[in-house]
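Since the structure comes first, as structure tokens, the remarks are kept for the end.
The values are calculated or read from the model by the stated rules, or taken from the named source; none is laboratory data. Treat the numbers as computed from the prediction; the structure is a model and nothing was measured. Every residue, glycine as well, gets a Cβ built from its backbone with ideal geometry; the counts of neighbours run over all protein chains shown. Heavy atoms of the whole protein, side chains included, go into the accessibility calculation; ligands, DNA and RNA do not. Shrake-Rupley method; radii C 1.70, N 1.55, O 1.52, S 1.80 Å.
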Amino acid sequence: KTLHVKGDGLKNLIEREKLEKQDLSFQIAALSHDIKTPLTVLKGNLELLELTSLTAKQQSYALSMDNSVSVLESYFNSLISYTRMLSEDRVAKLIVVEKLLNDLHFEMDDLLAINDVEYSLSNQLVSTSFYGDEEHLVRAISNLLVNAIRFTPVANKKIEVTLSESKTLIYFEVWNNGPQFNKNTLKNGSKLFYTEDNSRGSKHYGLAFVNGVATKHGGKLQLMNSARGGASAILSIKKKSI
């Protein structure tokens, strides 16, 4: 009887948490819509302003405002993606590794080529399939690759993706030969809106979504510096059976 009562209480807590997440997602989507309207007006006026005769100082001010608008837009897009992912209750499906890699290749090939990146992939998996959310995983790994591209050197850009596994986990490691993470980024890099003002430039990482995908798959996102130089982001997910 006691277990039955506690089970009902736990069920109610889960349902309440689910409703709260859905409500949060709705409120953020509504807020985003409200904010995008004045942002659109601001961008339009900035474009009109840039068509007029401006002094060098005025041009620098306009460029600064334009960059700030772009950063604000990227923050809201990250926030929407993050909250939507948290509120969605998606069923894990069978993912074929070969198809996952093909989808990832299709998603990233042009971007890697445009940025003249020397790219390599090492698939060390024994498993040929696993269960999870393929759409979110492809997007999460793509986010890691986009971040890696942003921090590669000006010349001789290198990125390596390695797939490996343990008895309970599957790992997706993305390494690049850019500068290493500082201590603060190693600790806080996966937090929403985290920016670093040090060796890897004052840029937004946007890794909260990746960390959320890892958590939903029973794993985690780990940032680390490689002994051979460069930096790695390792997305791990738990092996599941259905």
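Before moving on, here are some points about what is shown:
- Listed values for region 144-150 are Karplus-derived 3J(HN,Hα) couplings in whole Hz (6.51 cos²θ - 1.76 cosθ + 1.60, θ = phi - 60°), namely 5, 5, 4, 4, 4, 4, 4, and x replaces Gly and Pro.
- For the set K43/K216; K158/K183; K11/K187, the pairs lying more than 26 angstrom apart at their alpha carbons are K43/K216; K11/K187.
- Each Lys or Arg adds one and each Asp or Glu subtracts one; over the other residues with Cβ under 11 Å from the Cβ of V138, this totals -3.
- Local electrostatic count at L39 - Lys and Arg +1, Asp and Glu -1, tallied over other residues with Cβ under 12 Å: -1
- Region 121-183: chymotrypsin sites (Phe, Trp or Tyr not before Pro) in DSSP coil with no more than 15 other Cβ atoms inside 10 Å: none
- FRET efficiency for S226 and S60, using Cβ-Cβ distance with R0 set to 51 Å, rounded to 0.05: 0.85
- Computed accessible area, K57, all protein chains, 1.4 angstrom probe, square angstrom: 130
- Solvent exposure ordering (accessible area, 1.4 Å, most first) of I35, I159: I35, I159
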